[in-house]
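Heads up: the structure comes next, in structure tokens.
The values are calculated or read from the model by the stated rules, or taken from the named source; none is laboratory data. Bear in mind that the values here come from a model prediction, so they are computed numbers and not experimental data. Reconstructed Cβ throughout: ideal geometry from the backbone, glycine too, with neighbour counts over all protein chains shown.
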Amino acid sequence: MIASIIFFFVVAFGLGIGLTKLLNLKFENPFESKCMSNAFGLAIFSVLAIIFNFLHIPLNYIIFLVLGIAGILFAFYKDNFKLPKIELNKQDIYAIGAALLAVILFLVYLKGAFAYPYFEDDDPWGHAIGTSYIAEHQTFSRYPAGVTEQNFFRTYMEPYPPAYDTLMGVIHQTNNNVMWTLKFFNVFLIALGILFFYFFAKEFTKSKKKALFATFIITVLPCFMSHFIWAQTLALVLFFPALYASEKIKEDKKWAILAIISIAAIFVSQPSSAMFFVIMFIIYWLSKLVTAFFNKEDVFSKENNTIILSLIAGGILSLIYWIPTLLKYGLKMTMEGVGIVLGLFGAENVDTSGGVVYGIKDYMIAPLASKMDQPIGLGIVVFFLVLFSLFILCFNIKKIKTSHYLLTTIAWFVFTFIGTEGNALPFKLFPHRFWAFMAIPAAFLVAEVLVSITASLKDKSLKYLVLIVLIAGILWTSGYPKYVVETSQWPPGATWSSGEELQGYMSLQDKLPKDTPVFNICSHEGKLLAFGMYTPPYDPDLFWFKIQAENKTLDDIYSTAKKRNFDYVVVDAYCTRRMSINQTNALLQQMVNSTNYELIYSNQAFWLFKVK
């Protein structure tokens with residue numbers, strides 16, 4: 001496990017610091033350089049993986065490790081092989097505060113992620129299969145013999161943007177535990193995202209105090225990023241280096257290169273996040289134009305032109321993945337693979353939000369039980385501080401017109417708030433997913449009002465008292481509900497028929513050696529891979545075997561098991577969804593009576609047979 005953590009840092013930091021040194025880009029201090037190098041390293045990794053796969057270069061951890069080490073050595077060379085001096089001053093207390101917030105969030109989320117010995121809901125099981133596939137095959141490409149509509153099935157790999165599973169798959173090559181890999185590094189990415197957010201916020205607001213307040217708010221907001229395992233984790237974390245680099249373009253146009261890479265990485269991470277990013281980035285850019293106009297500056301300056309060109313260039317760079325994918329799968333299968341179906345954006349489609357139309361109470365109250373992938377609610381104190389901030393700003397239109405930060409924040413908040421209410425509108429994207437993105441402008445609005453309140457109070461004692469009361473209120477009404485939700489027991493998902501079935505799969509770790517070949521004839525292979533057994537991940541033949549399980553005979557099962565070198569066969573209660581209960585019971589009776597199988601273990605929903 002330690003080796004995997006070291007590998008992650010060497011690769012992420014090495015790739016990031018290597019390119020920033022090559023471009024001679026400057027950071028405010030060594031701590032910022034170290035943190036943001038990891039951010040850009042993640043983006044570079046995502047794009048490199050796409051390029052390598054296109055060129056048929058194996059996605060092997062050694063290749064990335066060598067590149068990471070090369071980047072670190074190059075940075076030492078550029079610094080004349082001198083270790084950077086880390087000198088702390090009064091201003092660095094803000095960055096240290098942000099780091100502490102990231103550590104706290106990491107510990108809370110880690111506790112929650114490992115509060116149960118299985119994956120939650122449904123998506124993580126799919127990511128476990130994709131992670132295992134990439135770790136084993138060192139590619140995210142499928143169907144080497146050719147894909148057709150008859151053998152195609154949707155996964156979280158090609159044609160779905162594969163950056164998240166690729167990152168986890170390459171890391172998984174350095175350890176033998178896919179569940180630990182996904183749980184730990186998913187949480188680790190979110191915690192790093194808190195740090196990345198702080199440094200973006202510092203550049204965006206031009207105030208370290210506002211940046212730290214905003215970082216505190218986004219850390220405790222229930223609606224910002226749960227520890228749920230899915231591709232949005234990487235995609236949303238990459239928002240911040242993309243926007244950070246865009247802010248730095250005014251200092252050096254070469255920052256556009258890192259902006260382009262970060263944007264391209266978002267485009268190959270998750271479809272919905274990419275859509276949100278494009279809209280939010282265009283709002284960010286248009287706000288630049290508006291404030292330039294009211295400040296009597298050049299509206300279409302080189303900086304503003306470079307920013308929008310970075311978005312376009314990032315999209316073009318991502319075509320290294322999208323064009324071959326479209327050529328391989330065609331438009332229909334590509335759309336199915338990324339989850340775009342007919343009616344997705346219309347009122348008739350309820351997508352994963354369940355058709356919920358949120359009311360004031362949903363924004364005001366942070367519930368103690370919420371959706372796993374996307375909790376809702378701001379908390380009472382944050383809710384009223386957001387309203388108060390908007391109220392104050394409405395009386396200072398001149399300040400908004402001339403402040404890119406404030407205009408963008410308000411526009412982002414309006415867009416994301418409307419997005420959460422998509423089920424009440426004729427056009428929508430993914431209403432419940434907007435909550436995490438709405439948390440970003442909400443954090444900035446609260447930070448603005450907190451700084452304004454403390455600045456208006458001349459008496460230091462009163463200032464600190466007010467600040468303590470507000471922070472305590474935020475922790476109680478937002479932080480506490482978030483802690484409860486994120487450390488609670490989450491269920492294992494809809495593909496499990498019962499707790500007995502789950503217990504049966506979990507018991508395999510005690511009954512069989514690790515990586516024992518096992519064939520579950522009805523369920524997805526994530527149920528085996530997650531608990532240390534081996535079964536070929538995303539094997540098309542086995543996939544369709546399971547889909548057509550009701551038509552398979554005992555001889556079909558046995559011949560497949562022997563042909564594919566499975567030592568054990570599992571029948572679980574999920575088979576009653578593939579075939580009738582009577583057919584499942586009849587199959588079990590035949591297996592018990594057959595001389596080709598030996599029943600090793602069973603409960604009411606799980607039967608493990610040894611293949612003779």
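Does the stretch 487-496 include one or more residues that are assigned to a helix (DSSP H, G or I) and within 22 Å of R577 (Cβ to Cβ)?
Checked the stretch 487-496: no residue is assigned to a helix (DSSP H, G or I) and within 22 Å of R577 (Cβ to Cβ).
Go over the candidates I260, I266, I229, I283 one by one and state the one that is surrounded by fewer than 21 Cβ atoms within 10 Å (Cβ to Cβ) and either in contact (Cβ under 8 Å) with a residue 24 or more places away in the chain or assigned by TED's automatic domain parsing to the domain that holds S37 (or both).
Every option except I283 fails the conditions.
Criterion first (aliphatic (A, V, I, L, M) and either closer than 26 Å to A163 by Cβ or not in a helix (DSSP H, G or I) (or both)) does L107 satisfy it?
For L107, the condition - aliphatic (A, V, I, L, M) and either closer than 26 Å to A163 by Cβ or not in a helix (DSSP H, G or I) (or both) - is not met.
Go through the stretch 289-330 residue by residue and tally those that are under 28 Å from the mean Cα position of the chain (by Cα) and hydrophobic (A, V, I, L, M, F, W, C).
Qualifying residue count, the stretch 289-330: 14.
Has the stretch 500-517 got at least one residue that is modelled with pLDDT of 95 or more, touching a Ser or Thr at 6+ places or on another chain (Cβ under 8 Å) and of a type in the set (D, E, K, R)?
no
Checking T325 against (1) surrounded by fewer than 18 Cβ atoms within 10 Å (Cβ to Cβ); (2) β-branched (V, I, T); (3) modelled with pLDDT of 95 or more: exactly one of these is not met. Which one?
(1)
Yes/no per residue for (1) modelled with pLDDT under 95; (2) assigned to a helix (DSSP H, G or I); (3) of a type in the set (S, T, Y):
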{"residue": "F224", "(1), (2), (3)": "no, no, no"}
{"residue": "I229", "(1), (2), (3)": "no, no, no"}
{"residue": "T233", "(1), (2), (3)": "no, yes, yes"}
{"residue": "L238", "(1), (2), (3)": "no, yes, no"}
{"residue": "L243", "(1), (2), (3)": "no, yes, no"}
{"residue": "L258", "(1), (2), (3)": "no, yes, no"}
{"residue": "I263", "(1), (2), (3)": "no, yes, no"}
{"residue": "I266", "(1), (2), (3)": "no, yes, no"}
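If only one of K562, K612 is basic (K, R), touching a residue at least 40 places away in the same chain (Cβ under 8 Å) and exposed (fewer than 14 other Cβ atoms within 10 Å of the Cβ), which one is it?
Every option except K562 fails the conditions.
Residue-by-condition table, conditions (1) touching a Leu at 6+ places or on another chain (Cβ under 7 Å); (2) modelled with pLDDT of 95 or more:
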{"position": "F444", "(1), (2)": "no, yes"}
{"position": "D459", "(1), (2)": "no, no"}
{"position": "P481", "(1), (2)": "yes, yes"}
{"position": "T535", "(1), (2)": "yes, yes"}
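Would you say N60 is more than 19 Å from T174 (Cα to Cα) and either without any contact (Cβ under 8 Å) to a residue 12 or more places away in the chain or in the same structural domain as P162 (by TED's automatic domain parsing) (or both)?
Criteria not met by N60.
Only one of F300, F281 is in a loop (DSSP other than H, G, I, E, B) and in contact with a helix residue (DSSP H, G or I) (Cβ under 9 Å, 6 or more places away or on another chain). Can you tell me which?
So the residue among F300, F281 that is in a loop (DSSP other than H, G, I, E, B) and in contact with a helix residue (DSSP H, G or I) (Cβ under 9 Å, 6 or more places away or on another chain) is F300.
Under 6 Å between Cβ atoms, which residue pairs at least 6 apart in sequence (or on different chains) link something in the stretch 94-112 that is modelled with pLDDT of 95 or more with a partner that is surrounded by fewer than 18 Cβ atoms within 10 Å (Cβ to Cβ) and polar (S, T, N, Q)?
Note: pairs meeting the criteria are K111/T487; G112/T487.
Can you tell me which residue within the stretch 176-225, out of those that are closer than 25 Å to L450 by Cα and in contact with a Pro (Cβ under 7 Å, 6 or more places away or on another chain), is surrounded by the fewest Cβ atoms within 10 Å (Cβ to Cβ)?
Among those residues, the one meeting the criterion is F196.
Of everything in the stretch 57-66, what is crowded, with 18+ Cβ neighbours inside 10 Å and either touching a Gly at 6+ places or on another chain (Cβ under 8 Å) or not in a helix (DSSP H, G or I) (or both)? Give them in sequence order.
L59
Could you please tell me which pairs satisfy a Cβ distance under 7 Å, a separation of 6+ or placement on different chains, a first residue in the stretch 349-374 that is within 26 Å of A113 (Cα to Cα), and a second residue that is modelled with pLDDT under 90 and assigned to a loop (DSSP other than H, G, I, E, B)?
D351/L344; D351/F430; T352/F430; S353/F430
Kindly state which helices (runs of 4 or more DSSP H) lie completely within the stretch 539-612 and contain at least 2 residues that are under 34 Å from the mean Cα position of the chain (by Cα).
540-547, 575-578
Taking L450 as the residue in question, decide whether it is surrounded by 13 or more Cβ atoms within 10 Å (Cβ to Cβ) and among the hydrophobic types (A, V, I, L, M, F, W, C).
Yes; evaluated as a whole, the condition is true for this residue.
Filter the stretch 497-516 down to the residues that are assigned to a helix (DSSP H, G or I), touching a strand residue (DSSP E or B) at 6+ places or on another chain (Cβ under 8 Å) and among the aliphatic types (A, V, I, L, M) and list them by number.
L508
Select from the stretch 515-526 the residues that are within 18 Å of K610 (Cα to Cα), surrounded by 14 or more Cβ atoms within 10 Å (Cβ to Cβ) and of a type outside the set (V, I, T) and list them in ascending order.
P517, F519, N520, C522, S523, E525, listed by residue number.
For S272, work out the one condition from (1) crowded, with 23+ Cβ neighbours inside 10 Å; (2) at pLDDT below 95; (3) of a type in the set (G, A, S) it doesn't fulfil.
Status for S272: all satisfied but (1).
Select from the stretch 129-177 the residues that are of a type in the set (V, I, T) and under 18 Å from H524 (Cα atoms) and write down the one among them that is modelled with the lowest pLDDT.
Applying the filter and picking the extreme gives T155.
Restricting the first residue to the stretch 10-35 and requiring it to be aromatic (F, W, Y), which pairs with a second residue that is outside any helix (DSSP H, G or I) and modelled with pLDDT under 95 meet a Cβ separation below 8 Å and a spacing of at least six or different chains?
F31/I86
Which residue is farthest from the chain's Cα centre (by Cα), if the candidates are limited to the stretch 108-149 and must be farther than 24 Å from L508 by Cα and of a type in the set (A, V, I, L, M, F, W, C)?
A145
Name the helices (runs of 4 or more DSSP H) wholly inside the stretch 390-486 in which the number of residues that are under 28 Å from the mean Cα position of the chain (by Cα) and farther than 18 Å from F224 by Cβ is 1 or more.
It comes to 404-420.
Among L368, L378, which is the only one that is assigned by TED's automatic domain parsing to the domain that holds G193, within 23 Å of the chain's Cα centre (by Cα) and surrounded by fewer than 17 Cβ atoms within 10 Å (Cβ to Cβ)?
L368
For the stretch 544-556, give me each residue that is buried (at least 17 other Cβ atoms within 10 Å of the Cβ) and either under 23 Å from Y143 (Cα atoms) or in contact with a helix residue (DSSP H, G or I) (Cβ under 6 Å, 6 or more places away or on another chain) (or both).
F545, K546, A549
Name the residue, out of F54, F40, F31, that is surrounded by 16 or more Cβ atoms within 10 Å (Cβ to Cβ) and either modelled with pLDDT of 95 or more or polar (S, T, N, Q) (or both).
F40 is the lone residue from the list that is surrounded by 16 or more Cβ atoms within 10 Å (Cβ to Cβ) and either modelled with pLDDT of 95 or more or polar (S, T, N, Q) (or both).
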